[in-house]
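Inspection log for the structure reproduced underneath, given as structure tokens.
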Amino acid sequence: MNQIATTERSTMAAIPLSGGPTGSTIAPQSLGEVVRFAEVMCKADIALPKHLRGNAGACMAVAMQAMEWQMSPFAVASKSYAVNGAIAYEAQLIAAVVNTRSGIKGRLKYFFEGEGAALTCRVVGILDGEECEYRSPTIGSITTKNSPLWKSDPQQQLGYFSARSWARRHCPEVILGVYDREEMEHVVGSENARDITPSLQDRLAAAKALPHEPASAREGFDPAFVTRETQGLSAGSHDIEEQDPGSTPLEPEGVEVPQTDDSKQEAGAEGQEQSEPAPASEDFTADQNLLRYKMAECIDKFIKSATDPKLDARGRQDTVVYAKNHWKDELPTRPDFVKACTELANDIVLGRKTDAAARAEMERWLP
């Protein structure tokens, strides 16, 4: 035991310290020294949170992050948490890192406006001689609020939220790959996923609740579509050979002919001239084409937001939210479609679906 303790003390003594803006930090000269430090650090027992005790690999990751920030490894470790199999950090630590490592002149300034659910925070920092600003959404629209301080001290929590977002916008390299607890609980881990697919029982109940809704507006089985397709197949397999040479030619593929029963089909086969579609039908077709064009554009925007290589996962999620808010206004009659696109885009960001698979599901909504 004495020999082990002596070896550990000599290992710690062999690694030099350096002063940083927030105190002393280790200054190893090689990766081997970091490894040895982490092996000793993980035995610090109550000086470490439980998720780091005996875990040299996790201690090494925290120690290297502390070196990057020029902070004490034990101070950084005390502000770390294990969330869904990954290391997350306290929002207070991230705010401290932004103030000391982002290169801003002075410190971030916080300005609060509104009250209650309408409370917002404006953060201002001077970076490279220029005043950089971030304005938070209203506190009522922030969905991830796992800390009880969101209720007891909302300005403090909204300030942390805004400082982190300010850094992600203006100096992302400072906190690259670092997330706080609430972010990790929201982003990381398939165990957090919930099944949002409605059950068959729910879909049947919804269908019964809307008996007045036209069949063309409902999802799933469309009796009118089946009728048109089977009539087309029947005409293609039999009527072409038996058609009288003097009769009116069949309509080109893709053009719908208004028909209601077999007598009208026979009348058309005997050469009776069909009437032109009513103007209302032409308007409906034009509206459908415009709707389809807008929905296709919406799909492209969501896929692009969810796969932007210039952004990290959090940045892509924020872009997906912006896309959702934009297309809710552009497609006010299709909130169900916009919601589905938002959820599928988030599946891409979280790695639950490929962009090709998500696009295929989105395109099923096209009229």
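Applying the Karplus relation 6.51 cos²θ - 1.76 cosθ + 1.60 with θ = phi - 60° to segment 295-309 yields 3J(HN,Hα) values of 5, 5, 5, 4, 4, 4, 5, 5, 4, 5, 5, 7, 10, 4, x Hz, where x marks Gly and Pro. From least to most packed, judged by other beta carbons within 10 angstrom and beginning with the fewest, Ile94, Ile46 follow the order Ile46, Ile94.
Shape of segment 92-189 from its Cα gyration tensor (a ≥ b ≥ c, root eigenvalues): rounded if a/c is under 1.5, otherwise prolate when a/b > b/c, or oblate? Because a/c hits 1.5 or more and a/b fails to exceed b/c, segment 92-189 counts as oblate. Residues in segment 126-134 carry Karplus couplings, in order, of 9, 10, 6, x, 10, 7, 10, 10, 9 Hz; the curve used is 6.51 cos²θ - 1.76 cosθ + 1.60 with θ = phi - 60°, and Gly or Pro positions show x. Note on segment 38-158: dipole from Cβ charges, positive end direction compared against Gln156, Gly85, Met64; the farthest Cα belongs to Gly85.
In a reduced charge model with +1 at each Lys and Arg Cβ and -1 at each Asp and Glu Cβ, segment 92-189 shows a dipole moment near 120 debye about its Cα centre. Fully extending the segment from Ala86 to Ser152 would add 21.0 nm, taking 0.36 nm per residue of separation and subtracting the current Cα-Cα distance. Label point 7 Å out from Gln288 along Cα-to-Cβ: which residues of segment 324-367 have amide N under 12 Å? Taking a point 7 Å out along Cα→Cβ of Gln288, the residues of segment 324-367 whose backbone N falls under 12 Å are 367.
How would you classify segment 80-119 from its alpha-carbon gyration tensor, with a ≥ b ≥ c the square roots of the eigenvalues: rounded for a/c under 1.5, else prolate if a/b is greater than b/c, otherwise oblate? In terms of gyration-tensor shape, oblate.
The Cα atoms of segment 58-149 give a gyration tensor whose axes a ≥ b ≥ c have a/c of 1.5 or more with a/b no greater than b/c, which makes the shape oblate. For a 30 Å ceiling on Cα separation, which of these pairs sit above it: Lys79/Lys109; Lys43/Lys105; Lys50/Lys353; Lys109/Lys310? Violating the 30 Å limit, Cα to Cα: Lys43/Lys105; Lys50/Lys353.
3J(HN,Hα) along segment 29-46: 9, 8, 5, x, 5, 5, 4, 5, 4, 5, 5, 6, 4, 5, 9, 6, 6, 5 Hz, from the Karplus curve 6.51 cos²θ - 1.76 cosθ + 1.60 with θ = phi - 60°, whole Hz, x for Gly and Pro.
Toward the positive end of the charge dipole of segment 92-189, with +1 on the Cβ of Lys and Arg and -1 on the Cβ of Asp and Glu, the farthest Cα among Cys132, Val97, Tyr110 is that of Val97. Each peptide among 320-327, 130-137 gets the average number of other Cβ atoms lying within 10 Å of its residues, and from highest to lowest they stand as 320-327, 130-137. Once the chain from Arg352 to Arg169 is taken as fully extended at 0.36 nm per residue, the excess over their C-alpha distance is 63.3 nm.
A simple spin-label model places pseudo-atoms 7 Å from Cα toward Cβ; at Phe111 and Ala75 they are separated by 3.1 nm.
No value in this document is a laboratory result; all are computed from the given coordinates. This structure is a prediction, so every number in the text was calculated from the model and none was measured. So basically every Cβ, Gly included, is an ideal-geometry build from the backbone, and we count neighbours across all protein chains shown.
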